[in-house]
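Asker: After the structure tokens below, expect a handful of questions from me.
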Amino acid sequence: MSGRLKEDRSFRDVNMRHAVMANMAADNIHSPVMEAELEEALEFAGTGKYQILHNLLMLLTLLAAILEMIGIAFVLPAASCDLDIPDNLKGIITSLPNIGIILTAPFWGRASDSLGRKPVLLGSLAASGILAFTAAFMPSLITFIIVKFACSLFLSTPSSLGYAYISEMLPRQRRDFSVLVVNGLINLLTFTSPGLAWLVLSQEFQLQVGALQARPWRLLTAVYATPLILAAVAMFCADESPKFLMTKGKDKEALAVVRKIYAVNTGLPEDSFCVKSLKTPCVSEDSEQHGSGEALASKSRSLSAFALLRPPHFKWFALTSFLMFGLFSFLNGLFLFAPDTINRVMNSNETSGRVCELMAQVDNSGSGEECMDSISYNTFFIMVVTTVVYGTLVTAGSMSPLSKKTLLITMFLVVGVGCLIAGLTTNSMSPLSKKTLLITMFITVGVGCLIAGLTTNRILAGVAMSSLQLTALGIGPLTAYVVQLFPTSLRGTAMGAVLMFGRVGSVAGANAAGVSLRAACMATFYAFASLVFLCAGLSFLLPASKQEEKSKEGDRDS
């Protein structure tokens, strides 16, 4: 107890010191502070135009990676006839980005800690963008798969490093908010994936370029690759992370970056910045987590990894890993087949019937005598509208507590009932806990999955199938639980391991859906619904949040 009191007192003292120094700097920005720590220097530099531009660049890199990863869901149905894609391979092709990330994530993480954020991010963006663009001109399925897989080997950095890069350019008190805003904007901007597909695939053209037949899906593949290339070009204007520079002992270079931040934010010359030198930090938990390359740090991380497999941490590690596995099995697994599934339903000649019955009437694999690779207007309309709606909801849920009223309206959305706009604009002051949000999300998605398979209404089936993207609501609460359940010395290792299980779930979900939707359609919906209901039940085992515990203690004291 005394140790915790000392820790709290020390934390308050540090915050008070930072506040005093920030006020001094605000009162007289020209007063020299001969030496300061990096965190203090970042506070003096302030928050403004520089961070806005940097965050927009990171938003572009993260969104570019997501478009390349999920865009394949729209490319495959349109390319099925030209590339002669059998149904049993669609799951493998869809999961290629996640397979590449799983295989290379440790390498790229170590590379960014050793070589720097900027060069690794720039190189991986350029390589993935060029390879993704090249895939648009591949003449056969084999060459298309090879180039797409090669592209996936470079996607790990663009899909994750941006969050760390954002935090390392900001004062401590602004980091969480900035990451939440960027994450929310990414969720909202995912509508550009079906939007671009709608814009490109609605064009009907066929050009013969040598032995290559150019059709809209090839143009769409190139369009999805373009943001990666643009982000790589824009990265030339970025500065290296001052935190990384400090870990490499380059305090002068780090100070130069902070001075530039100050100059852009204030419009004043860099020479007027009050900090003249940076203190070299001592070895801390933060440096250990970010990696210094020292043998001692490596040994500590190794011990931390094994500690996850021992009590009392193993039960929480197993629980959160399984929940993340189930979450990503839907989000990056079954949901990626929503465009193809909805399109088959909309293209069916039958007037009524369940999804599985209507899908059996349409063949868009190259193995059939009559191959159908056109995507209907209704498919695009449903995907764009529901992605905007659910993206807005996920954004609101990730940036602020979800109200009970909004949650009820979400449930109605899944079963096809209206009242959407009214629900998104409500301001109820009764927030849900992380645990309640997770349980409700899993149940909602499970209900949507069952409705998608059982309903005979095509539009309702499409809306319910699109509702699977609501699983994105669970990423924030689940990662917050990882932070809550594991101590600082294990937190970084636990987060990486739990997210890796999520990637495995993406691959497993995509491959299972790709095979079983054709072979045992209704069993697929029942199996995925059972998985998500199991996740809802297991979520009851999660502990109450710290805020709830404090409120309960307050009630007992009163």
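Asker: Any residue at all in region 516-527 that is under 22 Å from the mean Cα position of the chain (by Cα), buried (at least 23 other Cβ atoms within 10 Å of the Cβ) and either at pLDDT 75 or above or in the same structural domain as GLY91 (by TED's automatic domain parsing) (or both)? So that I can check it myself, show each step before the final result.
Answerer: Going residue by residue through region 516-527, those that are under 22 Å from the mean Cα position of the chain (by Cα) are none.
Taking every residue of region 516-527 in turn, none turns out to be under 22 Å from the mean Cα position of the chain (by Cα), buried (at least 23 other Cβ atoms within 10 Å of the Cβ) and either at pLDDT 75 or above or in the same structural domain as GLY91 (by TED's automatic domain parsing) (or both).
Asker: I'd like the residue in region 181-230 that is assigned to a helix (DSSP H, G or I) and of a type in the set (S, T, N, Q) and, out of all such residues, is surrounded by the fewest Cβ atoms within 10 Å (Cβ to Cβ).
Answerer: That would be THR226.
Asker: Before we move on, is LEU170 part of a helix (DSSP H, G or I) and assigned by TED's automatic domain parsing to the domain that holds LEU60?
Answerer: no
Asker: Under the condition of being over 19 Å from ARG215 (Cα atoms) and touching a helix residue (DSSP H, G or I) at 6+ places or on another chain (Cβ under 6 Å), which residue from region 77-90 is surrounded by the most Cβ atoms within 10 Å (Cβ to Cβ)?
Answerer: Only one residue tops the list, namely LYS90.
Asker: Then there is this: What are the residues in region 439-455 that are of a type outside the set (Val, Ile, Thr) and under 12 Å from LEU534 (Cα atoms), if any?
Answerer: PHE442, GLY446
Asker: Moving on. Step by step: first the residues of region 107-132, then only those that are hydroxyl-bearing (Ser, Thr, Tyr) and touching a helix residue (DSSP H, G or I) at 6+ places or on another chain (Cβ under 7 Å), then the one that is modelled with the lowest pLDDT. Which residue is that?
Answerer: Looking at residues that are hydroxyl-bearing (Ser, Thr, Tyr) and touching a helix residue (DSSP H, G or I) at 6+ places or on another chain (Cβ under 7 Å), I get SER112.
Asker: Among helices (runs of 4 or more DSSP H) lying entirely in region 27-133, which contain 2 or more residues that are of a type in the set (Ser, Thr, Tyr)?
Answerer: Values: elements: 38-45, 49-70, 72-83, 87-94, 96-115.
The qualifying helices (runs of 4 or more DSSP H) are 49-70, 96-115.
Asker: Still on this structure, please answer the following. Regarding ILE93, is this residue aliphatic (A, V, I, L, M), crowded, with 24+ Cβ neighbours inside 10 Å, touching a Lys or Arg at 6+ places or on another chain (Cβ under 9 Å) and within 30 Å of ASN343 (Cβ to Cβ)? Reasoning before the result, please.
Answerer: Values: aliphatic (A, V, I, L, M): yes; crowded, with 24+ Cβ neighbours inside 10 Å: no; touching a Lys or Arg at 6+ places or on another chain (Cβ under 9 Å): yes; within 30 Å of ASN343 (Cβ to Cβ): yes.
Answer is no for this residue.
Asker: Then there's this: For region 160-180, which residues satisfy the criterion of being under 30 Å from PRO339 (Cβ atoms), surrounded by fewer than 22 Cβ atoms within 10 Å (Cβ to Cβ) and of a type in the set (Gly, Ala, Ser)?
Answerer: SER160
Asker: So, in region 155-180, exactly how many residues are within 25 Å of MET383 (Cβ to Cβ) and out of contact with any Pro (no Cβ under 7 Å at 6 or more places or on another chain)?
Answerer: Of the residues in that region, 2 qualify.
The values are calculated or read from the model by the stated rules, or taken from the named source; none is laboratory data. Source: prediction; values computed, not measured. Neighbour counts run over all protein chains shown; Cβ positions are idealised from the backbone, glycine included.
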